[in-house]
Structures are given as structure tokens and as C-alpha cells.
Amino acid sequence: QVQVVESGGGLVQPGGSLRLSCTVSGINFSRLTMGWYLQATGKERELVADIRAGGTTRSADSVKGRFTISRDNAKNTVYLQMNSLRPEDTAVYYCYARDFFGDYWGQGTQVTVSS
């Protein structure tokens, strides 16, 4: 059974940083595309960033230069380093894992940016 577990969310002041982690089990991690979506209250889920098995990344324009996605295949973990956080980054952040058969989602972790 595939499990996707996020951690690292919380409350941070504007301009601060957080690092989200997502660990996957039950599947060959090194072959997965991994990514992060966010969902703000009352809005649709939207892509933040993803990283392919080979290391190619892409990110939303709104987070370029502030957020960095990376992966550690030895730890079956993907990270989202979030710097220069803004109140509009407040959302639930979901990790997903994608293989040939479909997507596997975590339960989400809340990130709140507020003074």
C-alpha cells in the first residue's frame, strides 16, 4: 500500500521560511514524479512545484525565486523549501506522487503566514 505523509507546516511570520517534507512508502520512489499543490480556503487546488525522476523541476510563477523543490531518493523524501513567505501563501499544502498508474496524495499540511 502506498503511503504519502507530509510534515513541516505551521505558522510563520511574513518574510519567514518553512521546509515541508513528504515521505513515500510502498512504491519505488526513484521512479516517481513528486510534487506539491496548495489549496487556499475557497479556491481550487493549484500546482506549486514538481520534480521528475530525473531531477527536472518546474514551479508556479508565483513561487519562482522563493520556493525550491528537491528530492532525496535515499530517504524516499521530497522537500519544499519556502522562503520569503507571504500571507497569500497561506494554504493547505498537499504532496503527491505520480507513476504510470496514477497519483497518490498525502493528507495535507497547513501553512499559515501571518503576523
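For Gln107, state whether it is part of a loop (DSSP other than H, G, I, E, B), under 13 Å from the mean Cα position of the chain (by Cα) and closer than 20 Å to Gln39 by Cα.
yes
Among the residues of the range 1-32, which ones are under 20 Å from Met82 (Cα atoms), surrounded by fewer than 17 Cβ atoms within 10 Å (Cβ to Cβ) and charged (D, E, K, R)?
Arg19 - this is the single residue of the range 1-32 that is under 20 Å from Met82 (Cα atoms), surrounded by fewer than 17 Cβ atoms within 10 Å (Cβ to Cβ) and charged (D, E, K, R).
Does Ser59 satisfy the condition of being of a type in the set (Ser, Thr, Tyr), in contact (Cβ under 8 Å) with a residue 60 or more places away in the chain and closer than 17 Å to Asp89 by Cα?
no
In the range 1-11, which residue that is farther than 18 Å from Asp72 by Cα and in a strand (DSSP E or B) is farthest from the chain's Cα centre (by Cα)?
The extreme case among them is Leu11.
Of everything in the range 81-96, what is over 14 Å from Ser114 (Cα atoms) and in contact with a Leu (Cβ under 6 Å, 6 or more places away or on another chain)? Give them in sequence order.
Matches in the range 81-96: Met82, Tyr93.
Enumerate the strands (runs of 3 or more DSSP E) found wholly within the range 12-53, keeping only those where 2 or more residues are more than 11 Å from the chain's Cα centre (by Cα) and closer than 13 Å to Lys75 by Cα.
18-25
From the list Val78, Val48, Val12, Val24, pick out the single residue that is over 22 Å from Val113 (Cβ atoms) and in contact with a strand residue (DSSP E or B) (Cβ under 6 Å, 6 or more places away or on another chain).
Val24
Please specify each residue of the range 40-56 satisfying the condition of being open to solvent by 60 Å² or more (accessible area, probe 1.4 Å) and on the phi < 0 side of the Ramachandran plot.
Within the range 40-56, Thr41, Lys43, Glu44, Arg45, Glu46, Arg52, Gly54, Thr56 meet the criteria.
Considering only the range 79-99, I want to know if a residue exists there that is surrounded by 14 or more Cβ atoms within 10 Å (Cβ to Cβ), part of a strand (DSSP E or B) and in contact with a helix residue (DSSP H, G or I) (Cβ under 6 Å, 6 or more places away or on another chain).
Among the residues of the range 79-99, not one is surrounded by 14 or more Cβ atoms within 10 Å (Cβ to Cβ), part of a strand (DSSP E or B) and in contact with a helix residue (DSSP H, G or I) (Cβ under 6 Å, 6 or more places away or on another chain), which makes the answer no.
The values are calculated or read from the model by the stated rules, or taken from the named source; none is laboratory data. If you're wondering where the values come from, they're calculated on a predicted model, not measured in any experiment. Because the Cβ atoms are built from the backbone with ideal geometry, glycine has one as well, and the counts that use them run over all protein chains shown. When the accessible area is computed, the model is the full protein with side chains, heavy atoms only, and any ligands, DNA or RNA have been set aside. Shrake-Rupley method; radii C 1.70, N 1.55, O 1.52, S 1.80 Å.
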